[in-house]
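*Asks:* Right, I'll just put the structure down here and ask away after.
The values are calculated or read from the model by the stated rules, or taken from the named source; none is laboratory data. Here the structure is a predicted model, which is why all the values come from computation and not from measurement. Neighbour counts run over all protein chains shown; Cβ positions are idealised from the backbone, glycine included. Note: accessible area is taken over every heavy atom of the protein model, side chains too, but ligands, DNA and RNA are not part of it. Shrake-Rupley method; radii C 1.70, N 1.55, O 1.52, S 1.80 Å.
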Amino acid sequence: MVSKLNSKAPSIADLKRRTQKRIPKFAYQYLVGGCNSDQAVARNRRCLDEVALHPAYLSRSNTASLTTTALGVQYDAPFGIAPLGLSGLIWPKAAEYHATAAKKANIPYVLSTLASTSIEQAAACAGSNLWFQLYPPKDQEIRLDLMQRARQVGCNNLVVTIDVPVAGRRPNDIKNGLSVPPKITLNSIYQTLLRPSWAMATALNGMPQFANMQPYMNKLTNLEDVANYIRSTLKEPVDLAMLKELRQQWSGNLIVKGVLSVEDAKLVASINADAIIVSNHGGRQLDLAYTPVEMMQEIVDSVGDKLEVFVDSGVESGVDIARYLALGAKLVFSGRPYMYGVGAFGKEGADQCIDIFSLELEQVMNQLGCSSPHELVKFIN
């Protein structure tokens, strides 16, 4: 699965540093930032760093294989690409690059409702590796049409995000004018001029749009009108009643993202969902939130026999993926690292990120003496 790595950036940290030098400051701060004072982002890192595994040097298993099965499908690695809204802000066509790379590597790719690439275009790139993440519109006709579009392109996995009842408060984005609509200031123009590669790529491809929502906007072109439409259409919080309704409306696998308590996990299991993603939204929504690391084992113990448990938030290496797998996750998702990839190298960077994760995870497993991802749970206690 692993292609030849670009030696200029052999780690996710290297991709991150290269991206910082290639995209405007306002875009970079949007990508790396959390909410409020970034305490949840820092807590994700601290908690992951505290997870240690013990090796089995004298009772080793065979050479590690990353192959895993989730929701009845075999993937070539136990990780996937999390949904990223307006990823085109970081680099044009980022969603298409990620979708194409996911198909090539045979890992899941989750397209956001607010992606800058449409469901149809993402499916053309990702094929059966496409999952669709839904922010349920309050207009049921639009909601049903989005779900129908996903089914029509062969998508079997619907991811419903529950941890955005209100918008996260992100001071840097406010200062940088990254509101909806964006505010163009002398400072943002200056930052753009300092990043000619990004400026040229954006000029050639146009500013990112909410591609999935455009069919419902009645040809709105004014940024203020578009902003008001998105705010008014996608403001419906997801509660248990809505999840029950979505379960009835969606015939494929239903995955609920943003679960961070045993109570919510049990409620999700009660409506016959198929999986959850334990997540604190990468620290972007609630600055005082617990981390998935702190909640994983308790959640797995409570509902792991009823639905499949996946996870995201804070992943910065293949070592972090191993940590989450050891805590009981069947799949580990992340978003920022994949954006660092395309920010650093464009299309090739999407492959680079996947390759880094694969090599690092495989090295950890072989060092431990672990032959498959689901066996990592044996190395934590």
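*Asks:* Can you list which of the DSSP-assigned H helices in the chain have a Cα extent of 24 Å or more along the long axis and an average Kyte-Doolittle score of at least -0.5? Walk me through the numbers before you get to the answer.
*Replies:* On the way: long enough: 347-368 (33 Å, -0.14).
Flagged H segments are 347-368.
*Asks:* How big is the charge dipole of the chain about its Cα centre, in debye rounded to the nearest 20, if each Lys and Arg gets +1 on its Cβ and each Asp and Glu gets -1 on its Cβ? List each step's numbers first, then the result.
*Replies:* Details: 38 positive and 35 negative charges, 230 e Å.
The calculated dipole for the chain is roughly 1100 debye.
*Asks:* Now for a separate question. Enumerate the amide H contacts of T113 below 5 Å, restricted to partners 5 or more residues apart or on another chain; note that Pro and chain-start residues carry no placed amide H.
*Replies:* For T113, whose amide H was placed from the backbone, the distant partners under 5 Å are Q133, Y135.
*Asks:* Normalised by the residues of region 86-204, what does the relative contact order come to in percent, with Cα pairs under 8 Å and at least six apart?
*Replies:* Numbers: 124 pairs, mean separation 25.0, N = 119.
Computed value for region 86-204: 21 percent relative contact order.
*Asks:* Hey, what did the chain get for relative contact order, percent, Cα under 8 Å, at least 6 apart?
*Replies:* 29 percent
*Asks:* How large, in percent, is the carbon and sulfur part of the accessible surface of region 269-354 at a probe radius of 1.4 Å?
*Replies:* Answer for region 269-354: carbon and sulfur cover 48 percent of the accessible area.
*Asks:* Now a separate question. Quick one: if you stick a label point 7 Å off each Cα along the C-beta vector at S371 and Y57, how many nm between them?
*Replies:* Result: 2.2 nm between the two label points.
*Asks:* Can you tell me how region 237-292 classifies by the Cα gyration tensor, rounded, prolate or oblate, using a/c under 1.5 as the rounded cut? All intermediate terms of the calculation are to be shown ahead of the outcome.
*Replies:* Details: a/c = 2.14, a/b = 2.02, b/c = 1.06.
It is prolate, given that a/c is not under 1.5 and a/b is the larger ratio.
*Asks:* Still on this structure: What is the extension gain from M200 to S11, computed as 0.36 nm multiplied by their sequence separation minus the C-alpha to C-alpha distance, in nm to one decimal?
*Replies:* On the way: separation 189, 0.36 × 189 = 68.04 nm, distance 2.65 nm.
Stretched out fully, the M200 to S11 stretch lengthens by 65.4 nm.
*Asks:* Where does each of 330-342, 280-292, 11-23 land if you order them by average Cβ count within 10 Å, highest first? Show your work: numbers first, answer last.
*Replies:* Details: 330-342: 27.2, 280-292: 21.5, 11-23: 19.8.
Peptide ranking by packing, descending: 330-342, 280-292, 11-23.
*Asks:* How many nm separate the modelled label positions at A241 and D145, each set 7 Å beyond the Cα in the direction of the Cβ?
*Replies:* 2.5 nm
*Asks:* Let me ask something else about it. Rule-of-thumb check for the chain: C-alpha Rg over 2.2 N^0.38 Å? Could the numbers behind the result be given before it?
*Replies:* Details: Rg = 19.9 Å, N = 381, 2.2 N^0.38 = 21.0 Å.
Its radius of gyration relative to the 2.2 N^0.38 Å reference: 0.94.
*Asks:* Under a GNM of the chain (C-alpha, springs under 10 Å), which listed residue has the highest mean-square fluctuation: F79, F132, F210?
*Replies:* So, out of F79, F132, F210, the one fluctuating most is F210.
*Asks:* On to the next question. Region 121-219: Rg/Rh from Cα coordinates, Kirkwood Rh?
*Replies:* Numbers: Rg = 17.2 Å, Rh = 16.6 Å.
Reported Rg/Rh, Kirkwood definition of Rh: 1.04.
*Asks:* Given R₀ = 22 Å, FRET efficiency for Q152-T67 by Cβ-Cβ distance, to 0.05? Present the calculation step by step, with values, prior to reporting the outcome.
*Replies:* Numbers: r = 30 Å, r/R0 = 1.34.
Using R0 = 22 Å, I get an efficiency of 0.15.
*Asks:* Along the Cα→Cβ direction, 7 angstrom out, place labels at E294 and Q248. What is the inter-label distance in nm?
*Replies:* Result for the modelled spin labels: 3.7 nm.
*Asks:* Quick check on the chain: of the DSSP beta bridges with both residues there, what percent are antiparallel, nearest 5%? Mind showing how you got there, number by number?
*Replies:* Details: 3 of 29 bridges.
Antiparallel: roughly 10 percent of the beta bridges in the chain.
*Asks:* Residue by residue through region 131-139, what is 3J(HN,Hα) from phi via Karplus (6.51 cos²θ - 1.76 cosθ + 1.60, θ = phi - 60°)? Round to whole Hz and write x for glycine and proline.
*Replies:* 10, 10, 9, 10, 8, x, x, 5, 6
*Asks:* Further question on the same structure: Find the eigenvalues of the gyration tensor of the Cα atoms of region 1-103, then list the square roots of 5 times those eigenvalues as equivalent ellipsoid semi-axes, largest first, in whole angstrom.
*Replies:* Numbers: eigenvalues 172, 89, 51 Å².
So the equivalent ellipsoid measures 29, 21, 16 Å along its semi-axes.
*Asks:* Might you tell me the accessible area per residue for the chain, computed with a 1.4 Å probe and given in Å²?
*Replies:* 44 Å²
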